[in-house]
Amino acid sequence: TYVVTDNCIACKYTDCVEVCPVDCFYEGENALVIHPDECIDCGVCEPECPADAIRPDTEPDMDKWVEFNRKYAELW
Ligand code: SF4
């Protein structure tokens, strides 16, 4: 799965939301989040993010970001 990380906070761009083929972006408190169970790992959103906030969860130390994304995505 891909996850939104801290560079997204207070970012106003929604380019990522527009390209996601499965609409798995949700609005968190002050950042967008990706539902980790709905993301199909296509990677299309990553280069669209002007803040470089979208990362694959295979990078180191992503566990807390997966939980952050899940927490806010599941509020919807
Ligand atoms: Fe959506 Fe693909 Fe990005 Fe996952 S990787 S959030 S499915 S655009």
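Structure data summary
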quantity	calculated
Whichever residue in segment 14-26 is farther than 11 Å from Ala73 by Cα and surrounded by 18 or more Cβ atoms within 10 Å (Cβ to Cβ) and, among such residues, is farthest from the ligand (Cβ to nearest atom)	Cys16
Test result for Arg70, in a strand (DSSP E or B), within 14 Å of the ligand (Cβ to nearest atom) and surrounded by 11 or more Cβ atoms within 10 Å (Cβ to Cβ)	no
Selection within segment 27-43 - assigned to a loop (DSSP other than H, G, I, E, B), within 11 Å of the ligand (Cβ to nearest atom) and aliphatic (A, V, I, L, M)	Ile40
Candidate set: segment 32-41, residues that are in contact with a Ser or Thr (Cβ under 9 Å, 6 or more places away or on another chain) and surrounded by 18 or more Cβ atoms within 10 Å (Cβ to Cβ); chosen: the one farthest from Lys71 (Cα to Cα)	Cys39
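Residue-by-condition table, conditions (1) touching a residue at least 12 places away in the same chain (Cβ under 8 Å); (2) farther than 15 Å from Trp76 by Cα:
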| position | (1), (2) |
| --- | --- |
| Thr5 | yes, yes |
| Lys12 | no, yes |
| Gly28 | yes, no |
| Ala31 | yes, no |
| His35 | yes, no |
| Asp41 | yes, yes |
| Asp52 | yes, yes |
| Pro56 | yes, yes |
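Rule-based calculations on the coordinates, nothing more; no lab input. Everything numeric here is computed off the predicted structure, so don't read it as measured data. Ideal geometry is used to build each Cβ from the backbone, glycine not excepted, and the neighbour counts take in all protein chains shown.
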